[in-house]
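Throughout, read-outs are computed from the coordinates displayed, never taken from laboratory work. These figures come from a predicted structure and were not determined experimentally. Every residue, glycine among them, receives a Cβ derived from its backbone with ideal geometry; neighbour counts consider all protein chains shown.
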Amino acid sequence: MDIRIIRRLEEIVGKGRVLTSIENRIAYSYDATPTFASLPDAIVIPETPEHVSQVLKLANEENFIVIPR
């Protein structure tokens, strides 16, 4: 994911709420489903419905996928 998009996500939800370390990305790459794993580019932890709305608008503008968890 482009660093410009990461910065925009941080502007929306706050710097500490966008995780990009490899450790976090691996931890969020799977759920309870034993056969599915996908390494995310970033993990965004919104606090409000407005955060969710703004992240989804950005995803639409920048053409990236959002997978809720």
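Checked against (1) under 20 Å from residue 13 (Cα atoms); (2) in a loop (DSSP other than H, G, I, E, B); (3) not aliphatic (A, V, I, L, M), residue 50 passes all but a single condition, namely (2). The numbered conditions (1) in contact with an Asp or Glu (Cβ under 9 Å, 6 or more places away or on another chain); (2) surrounded by fewer than 12 Cβ atoms within 10 Å (Cβ to Cβ); (3) assigned to a helix (DSSP H, G or I) are all true for residue 60 except (1). Check residue 40 against each of (1) part of a loop (DSSP other than H, G, I, E, B); (2) exposed (fewer than 15 other Cβ atoms within 10 Å of the Cβ) and name the one condition it does not meet. Against the list (1) part of a loop (DSSP other than H, G, I, E, B); (2) exposed (fewer than 15 other Cβ atoms within 10 Å of the Cβ), residue 40 comes up short only on (2).
Condition check for residue 55 on (1) hydrophobic (A, V, I, L, M, F, W, C); (2) under 16 Å from residue 4 (Cα atoms); (3) part of a loop (DSSP other than H, G, I, E, B): one failure, at (3). Within the stretch 3-30, the set of residues being without any contact (Cβ under 8 Å) to a residue 12 or more places away in the chain and exposed (fewer than 13 other Cβ atoms within 10 Å of the Cβ) comprises 3, 4, 7, 11, 15, 16, 21, 22, 23, 27.
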